[in-house]
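The values are calculated or read from the model by the stated rules, or taken from the named source; none is laboratory data. Small disclaimer: the values here were computed from a predicted structure and weren't measured. Glycine also receives a Cβ, built like all others from the backbone with ideal geometry; neighbour counts cover every protein chain displayed.
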Amino acid sequence: MSVYPRVFVTRLSDTVDDSILHEFFSRWVSVRWARLAREPDGTSKNYGFVEGETEQDAKTALELDQYELHGRRIIVRPAKTK
């Protein structure tokens, strides 16, 4: 089964920004980019996406489900492709 190298991450704290998300996942996977979804006023929607370099990066990122980041247990799921 092929896995898209992008994951959806939710339950993020208001204190998490793109660089914190990137740094967190970079401890375990090779991150191509990490971005939070934002409201029109720029505030975080408390979810985002992380894209790894390889399929294995995505599989490893999925194993980080329920890890704690800035005081909250995050949820990591496969991102849906359009």
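For the reader, a short list of remarks on this structure follows.
- If you go through segment 1-49 and keep only what is of a type in the set (Phe, Trp, Tyr), at pLDDT 95 or above and assigned to a loop (DSSP other than H, G, I, E, B), you end up with just TRP28.
- Against the numbered list (1) in contact with a His (Cβ under 7 Å, 6 or more places away or on another chain); (2) under 13 Å from ALA79 (Cβ atoms); (3) of a type in the set (Gly, Ala, Ser), GLY52 comes up short only at (1).
- Residue in segment 27-49 that is surrounded by the most Cβ atoms within 10 Å (Cβ to Cβ), counting only those that are under 14 Å from VAL9 (Cα atoms) and out of contact with any Gly (no Cβ under 8 Å at 6 or more places or on another chain): GLY48
- Residues (aliphatic (A, V, I, L, M) and under 14 Å from ALA34 (Cβ atoms)) located in segment 50-82: VAL50, ALA58, ALA61, LEU64, LEU69, ILE74, VAL76, ALA79
- Selection count where residues are part of a strand (DSSP E or B) and surrounded by fewer than 13 Cβ atoms within 10 Å (Cβ to Cβ), scope segment 50-76: 2
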